[in-house]
Amino acid sequence: MKILVAPDKFKGSLSSTQVCQAIIEGIQWYNPAIEAIGFPLADGGEGTAEILTYHAGGHMLSHTVQDPLFRPVKASFGLAADGLTAFLEMAQASGLHLLAHAERNGFLTSSIGTGELILKAVERGARRIILGIGGSATNDAGIGMATALGYRFLDAAGKELKPIGSSLIHIAHIDHQHLHFDPAKIEVQVACDVNNPLTGSLGASLVYGPQKGANAEEVTQLEAGMKNLAAVIRRQFGKDIENVPGAGAAGGMGAGAMVFLHAALLPGTALVIEQTGFDQQLAGVDLIITGEGKMDEQTLHGKLVKGVVDMAALHGIPVVAIGGDLSLSPQEVSDLGLVFAGSVLQRPCSLEEAMQTAYPAIRNLTYHVLKLYLEGYKKGLANRIK
């Protein structure tokens with residue numbers, strides 16, 4: 001029997017590679033004769049760059065860049081074995097986790113460090129960039145990122161503006177005559193799992209600005225700034241990005257990536273599954289075990305587990321899922337296409353304890369799931385390993 005182990009991370013607790021190992025140990029506990037193949041995955045969020053680098057046979061590179069408040073921070077990106085594809089995460093240099101709670105303010109933060117990482121990757125020879133934009137601390141529509149790449153944002157008097165959210169409303173002209181790279185020679189794909197437009201009630205500022213520390217007055221100005229930038233972009237570049245689905249992702253980085261990097265916005269899970277060659281791993285597989293830290297309503301709409309199930313269905317392979325927190329109803333589990341979904345939480349405990357004991361809990365649940373599945377629900381399949 002052959003089982004493919006393809007989980008996401010358990011955020012804050014275990015990486016997807018560690019989750020893989022815990023599941024494989026549980027399989028070996030049940031029957032060491034079962035062939036268990038570890039294939040860690042990600043959904044386009046944190047940890048995606050490392051996973052894509054792993055599957056591309058590459059290595060991680062670290063550089064000192066600027067954090068959202070222009071302080072030095074060590075950040076990493078991955079480079080594939082052929083040196084032509086780089087894997088980046090916005091959170092590395094421009095993430096909310098880099099700031100103390102009192103420092104969070106999309107009115108004052110910048111994505112400049114992300115741009116510096118992109119430039120480092122280009123300087124190392126990358127001609128294709130895959131960028132994950134989850135977990136950002138910014139609401140600057142990517143002008144910080146663009147500034148690092150040579151764009152200059154000028155006010156009506158021709159003065160260069162600081163690339164932060166509060167400057168958006170003052171932009172009158174974008175100078176792109178002295179870029180540090182040629183966007184036409186770099187293919188950029190952005191892992192983007194939200195459909196928010198740049199402006200409006202569902203836009204970057206009104207939805208995410210408060211989460212990033214902006215007060216009501218600042219949110220209003222940020223919204224006006226996004227509208228102003230969109231107007232400048234229409235006037236200068238002939239691009240109308242204000243209502244493009246995903247333009248408002250990561251504080252408007254979706255829009256910024258489209259304009260300043262000529263990027264394509266793609267669903268994160270689909271991008272990861274394609275980039276890793278997941279479908280090529282399915283030959284001869286009898287069962288897939290996947291999972292993620294939290295399985296809830298969002299799981300139904302494009303997160304990793306759904307992506308794995310959809311791909312497995314094309315090959316007629318059953319899928320079971322293990323989660324830290326399972327909030328799906330039995331009907332939702334069935335609708336998702338899973339033959340089983342279980343939580344590692346078997347008794348009342350604190351979040352801290354649950355995270356600390358996740359590894360053995362995953363291992364134990366895997367053992368019991370296999371026992372139930374192979375000895376009960378799938379007795380016929382069990383005969384293959386005798």
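The values are calculated or read from the model by the stated rules, or taken from the named source; none is laboratory data. Keep in mind that what you see is a predicted model, and the values were worked out from it rather than measured. Counting neighbours? That spans all protein chains shown, and the Cβs are built from the backbone with ideal geometry, glycine included. Remember, those area values only see protein heavy atoms, side chains included, never the ligands or the DNA or RNA. Shrake-Rupley method; radii C 1.70, N 1.55, O 1.52, S 1.80 Å.
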With a 1.4 angstrom probe the carbon and sulfur portion of accessible area for the chain, in percent, totals 52 percent
Radius, Kirkwood style, for region 50-182 when every pair of distinct Cα atoms is counted (Å):
15.1 Å
Compute the angle between helix 358-372 and the longest alpha-carbon principal axis of the chain, please, reported from 0 to 90 degrees and rounded to the nearest 10.
40 degrees
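Stick to Cα atoms and the Kirkwood definition of Rh, then tell me Rg/Rh for region 251-368.
Expressed as Rg/Rh, it is 1.04.
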May I ask which residue of Val194, Ala184, Thr53 lies farthest towards the positive end of the charge dipole of the chain, with charges of +1 (Lys, Arg) and -1 (Asp, Glu) on Cβ and the Cα centre as origin?
Thr53
Using the Cα atoms of region 9-73, I'd like the radius of gyration and the largest Cα-Cα distance, Dmax, both in angstrom.
16.2, 54
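Counting only heavy atoms of the protein chains, get the accessible area per residue of the chain (1.4 Å probe) and round it to a whole Å² value. If you can, show how the numbers build up before the last one.
Values: 16140 Å² over 386 residues.
Result: 42 Å² of accessible area for each residue.
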Protection proxy ranking, peptides 19-31, 102-114, average beta carbon neighbours within 10 Å, highest first
102-114, 19-31
Tell me the angle of helix 216-237 to the major Cα principal axis of the chain, expressed in degrees between 0 and 90 and rounded to the nearest ten.
80 degrees
Whole-angstrom Cα spans of region 15-125 along principal axes, big to small:
56, 37, 18
Straight-line reach only, C-alpha to C-alpha below 16 angstrom: list the lysines that Lys120 could link to, leaving out same-chain residues fewer than 8 apart.
Lys74, Lys185
Specify the angular offset, from 0 to 90 degrees and rounded to the nearest 10, of the alpha carbon long axis of helix 16-30 from the longest principal axis of the alpha carbons in the chain.
0 degrees
Tell me the relative contact order for the chain as a rounded percent, counting alpha carbon contacts under 8 Å between residues six or more apart.
18 percent
Along each of the three principal axes of the Cα atoms of the chain, give the extent in whole Å, ordering the values from largest to smallest.
79, 44, 34
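Let a ≥ b ≥ c be the square roots of the eigenvalues of the Cα gyration tensor of region 42-88; is it rounded (a/c under 1.5), or, if not, prolate (a/b larger than b/c) or oblate?
Details: a/c = 3.17, a/b = 1.69, b/c = 1.88.
Since a/c reaches 1.5 but b/c is at least a/b, the shape of region 42-88 is classed as oblate.
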For the chain, with the dipole built from +1 on Lys and Arg beta-carbon atoms and -1 on Asp and Glu ones, taken about the Cα centre, which of Gly268, Ala172, Gln18 lies farthest toward the positive end?
Gln18
A student applying the Cα gyration tensor rule (rounded when a/c is under 1.5; otherwise prolate if a/b is larger than b/c, oblate if not) would label region 146-215 oblate
Value of [θ]222 nm, deg cm²/dmol, for the chain, DSSP H segments ≥ 4, -39500 (n - 2.57) each, nearest 500:
-10000 deg cm²/dmol
